[in-house]
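One structure is given below, encoded as C-alpha cells.
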Amino acid sequence: MRRVAGVLANLMVAAVLGAQAPVVITNASIVDVETGRVREGQSIRVEGTRIREIAPAGRMRVPPGARVVDGTGRFVIPGLWDMHVHATGFGIDRLFQPVLVANGVTGMREMWGQLVAADSMRAAIARGDAVGPRAVVAGHILDGAPAIWPGSLGVKGADAARRAVDSLAKAGAAFIKVYSRLSEDEFRAAGEQAKKNGLHFAGHVPSQVTVDEAVSQGMRTIEHLQQFTTACSSRESELRQQYRDAVASAKGWDSAAVVGRAQLNVQVESFDPARCAALAQRIAKSETWLVPTFTVLRSVAYLDDSTLKQDPRLTYIPKFFSASWDPRQDFRFRAVTAQGWADRKRIHARQLEIGRVMFRAGVKFLAGTDLSNPWIFPGFSLHDELANFVAIGMTPLQALQTATLNPARFYAAVDSMGTVGVNKVADLVVLDANPLADIRNVSRIHAVIANGRLIDAAQRAALLKDAEARAR
Ligand SMILES: [Zn+2]
C-alpha cells in the first residue's frame, strides 16, 4: 500500500512543473459523491494541481489571468478512474490516453504496462506535450509457463515466481498483475513475495486456484469475475478436477482450453444461488475488491454479433486494431463454435446475476473496462460500465462511486482524491446534466480538469478530432 501511495504522490508532484493559469468554475452544482447531496451555486478555484477554494458563487474572487468555466446549470464530479486498462506502450498511448481524458477519465490503473513507456508518457504529460490520465502501472504480467501473452513473465515453480516478483518490484511496478496459468504454489509464492516487497497483487484468479483461496491469500482485486461461474457451481470440485487433469495431461494447456470451453454449459446449468451468496459473504468481509469489467464480458460473449461493426465510436480505433477484434483473428476465440457462442451468452447472463449477488452482499466494486480488448472504447466504455452497475442494482450514486470514491479508498488516498474538496487534486469533470438523475449523464461532458489542466469545450472537441485523425 505504501508503495502505491508513493506512486500517487510522485504523480501529483510531477505536474507542478508546468505552471498553469488558475482555473475557476463559477456557479456550478457540486455532486458530493460520498453522500449524494448536490450543493448548488458553488464556485471552485484551482491553482497548480490542487483545488484551493470552494465558495458560494457570489463570494469567490476570480484571480487575474484565470480561465473561467461557466458552471451555471452544470454539475461537477470528481475525475473518473478506469481501474482496468491496457493503454500504455504499443504505440497506443498517444491515441487512447487523450480520449480517456476527453471522456472524463483522469486516472487509470494500467494492468500490463511497459514501465519505460509509462515513464516517458508521464514525462510528456508533465511537460505539457501530451494529454493523459494519472496512471498506476503494473509491470509485465506474471503468468505460469508457457505464458498466455507474449511479453509476460512465464514462470515455472515457486522460486521462479518469487524471483520474477522481485524483478518486477525492482523495475518499479506499482503492483503485481497475476495471471491464469500460475499454479497454486506459484500463485501463493508470488503473493507472499509481493507483500514482502510492499506491493499488492491483483488480476486473474488462476484457473487452478479457487476464488476462496485467492481471497484468503489477500489478492486485492479480482478482474472479470474470473473463476466465479465455477465457484458458484454446485459441481465446482468436479469441474476443477477435470480441468487440473487436462492441464496435467500430455496436451496440457491445449487440452485444458478444450475442457474449459466444454465446461461453460455445465457452469450455466449448475449455478447455485445459495453457494454464490455464501461466497459473496466471505468476499464482503475480506480486503478483496471486484473489477468485473462487465463491458468486456459482454463483448467477448457477443463477438459473433455483426451489428457491433456499426458502432460510431470505431472512429477512434485504428483499422488494423479493430481488425484484430474479429474472433477469427484472435487465438482465444478462433475455435469457438456456434454452440460455443450461445454458451458464452448464457455465461454472460450468469455473470450479471453473480454481480448482483456480490453487490447485494456488500462486496466492494471498482469500475474498469479492459480497454484495448474487443469493442472497448477509451472512456466511452467506462460510462457504459457505470450503466452496467446500475443494471445490476446500484443506484447512480453507488455506480459513480466505483469510479471516484472507491478508487480513492482502494488506494488509501481519500485525503487527496475521490471527492470534490479543498486541497484535493484538481481532477474534475463538468457535466451538462445531473449524473445522479441518470448515470448516462456522465457522457454529457462540458469540460475536464486533469491534474489542474483545464480542457475546455473547444479543446475537448479538438482532442477528439485529433484522435479521429490519428486513428485514420
Ligand atoms: Zn486486461
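A simple spin-label model places the labels of Asp129 and Gln241 6.0 nm from each other, with each point 7 Å out along Cα-to-Cβ.
On a C-alpha basis, how far is the centre of the stretch 143-163 from the centre of the stretch 60-126 in Å? Whole number, if you could? The stretch 143-163 and the stretch 60-126 have Cα centres separated by 32 Å. Cα centroids of the stretch 207-229 and the stretch 353-390: 17 Å apart. Dividing the convex hull volume of the alpha-carbon atoms in the chain by its residue count gives 127 Å³ per residue.
Note down the relative contact order for the chain as a percent, whole number, built from C-alpha pairs under 8 angstrom at least six residues apart.
Values: 972 pairs, mean separation 95.7, N = 472.
That works out to 20 percent.
Taking packing as the residue-averaged number of other Cβ atoms within 10 angstrom, the listed peptides 194-207, 256-269 run from highest to lowest as 194-207, 256-269.
Each peptide in 32-41, 59-68 receives the mean, over its residues, of other Cβ atoms within 10 Å, and ordering these scores from highest gives 32-41, 59-68. Give the residues of the stretch 318-344 whose amide nitrogen is closer than 14 Å to a point set 7 Å from the Cα of Leu308 in the direction of its Cβ. Within reach of a label on Leu308, which here means backbone N under 14 Å from a point 7 Å along Cα→Cβ, the stretch 318-344 contributes 321-337, 341-342, 344. For Ala391 and Glu184, FRET efficiency with R0 = 51 Å and r from the beta-carbon atoms, rounded to 0.05? That gives a FRET efficiency of 0.90.
No lab work stands behind these numbers, since they all come straight from the coordinates. Here the structure is a predicted model, which is why all the values come from computation and not from measurement. Note that each Cβ is placed from the backbone with ideal geometry, even for glycine, and that neighbours are counted across all protein chains shown.
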